[in-house]
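What follows is one structure encoded as structure tokens, with my remarks underneath.
The values are calculated or read from the model by the stated rules, or taken from the named source; none is laboratory data. Keep in mind that this is a model prediction, so the values were computed, not measured. Counting neighbours? That spans all protein chains shown, and the Cβs are built from the backbone with ideal geometry, glycine included. The accessibility values were calculated without ligands, DNA or RNA, using every heavy atom of the protein model including side chains. Shrake-Rupley method; radii C 1.70, N 1.55, O 1.52, S 1.80 Å.
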Amino acid sequence: MKKLIVCKSGQQSAKSRVIDSSKQCLITKHYEYQYSSQENAGFSLVEVIAVALMVGILATIAIPSWNAFINRQRVGKANEAVLTVLQKAQQEAKNKKLKYSVSLRNSNNLPELAFHPDSETPDFSKDKTFSDLGLKTGQISIGSNLNNPNQGTSSVSLITTTVKKITFDNNGTLPVDATVPIKIVVASSSSNITQANGLKRCVIIETLLGGMRSAKDSACN
């Protein structure tokens, strides 16, 4: 834009020229201000594209890390819930001097637990262990090295619709014919149950006296 130099007052011999000069000065300043405001307003297309690319790159980096964090939290909470149920069954066996069992199965791709007197059939409909955690179908899987009740084997496999059971006698210990260690494994997916380095958490019953501990990842194989 061409700059009009009209704002400096010169020698004016007529009143009308002074008034016209003042008007022209105000108009010129107005257009200069308007042009400057338009020139500095908003973002250019290049700037918008650059910001969008940066956001996309950051999202690509952050989302996998966030998902991994959520999976670890979910698996950890589910494993703590399994430990709590086993300890509760063990304590009930001691207190009531009865055999108490923990039964496990998979139903519609969602694990279920039930602890109950061993003489009774497990009622999985009463179990809220995983639903209370807000877990949904397919978010976690559960496995074990159980073959028969209280019989741990050397390999861990996915628990299916077939019920697996651990029983504590009236002293809160495992029966004398039990085979230890017994492992209950929680993972973020069914494939992680059998993977050597998959994301896993587990509860291990190590002794016939019923001693338990939690472990993770390769220790759960």
Applying the selection to the range 105-127, what residues are over 18 Å from S144 (Cβ atoms) and assigned to a strand (DSSP E or B)?
P117
Considering the range 180-210 alone, what residues qualify as being open to solvent by 10 Å² or more (accessible area, probe 1.4 Å), within 23 Å of P117 (Cβ to Cβ) and in contact with a strand residue (DSSP E or B) (Cβ under 7 Å, 6 or more places away or on another chain)?
V180
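Yes or no, residue by residue, for (1) of a type outside the set (D, E); (2) modelled with pLDDT of 95 or more; (3) part of a helix (DSSP H, G or I); (4) surrounded by fewer than 16 Cβ atoms within 10 Å (Cβ to Cβ):
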site	(1), (2), (3), (4)
L58	yes, no, yes, yes
A62	yes, no, yes, yes
W66	yes, no, yes, yes
I70	yes, no, yes, yes
R74	yes, no, yes, no
A89	yes, yes, yes, no
L98	yes, yes, no, yes
I need every pair where a residue in the range 156-177 that is closer than 19 Å to P122 by Cβ has its Cβ under 7 Å from the Cβ of a residue that is of a type in the set (S, T, N, Q) and in a loop (DSSP other than H, G, I, E, B), sequence separation at least 6 or different chains.
I166/N150; T167/N150; L174/N150; P175/N150
Output the residues belonging to the range 128-155 that are among the small types (G, A, S) and either in a strand (DSSP E or B) or free of Cβ contacts under 8 Å to residues at least 24 places away in the same chain (or both).
S131, G134, S141, G143, S144, G152, S154, S155
Selection from the range 160-185 of residues that are modelled with pLDDT of 95 or more and within 22 Å of R74 (Cα to Cα):
K183, I184, V185
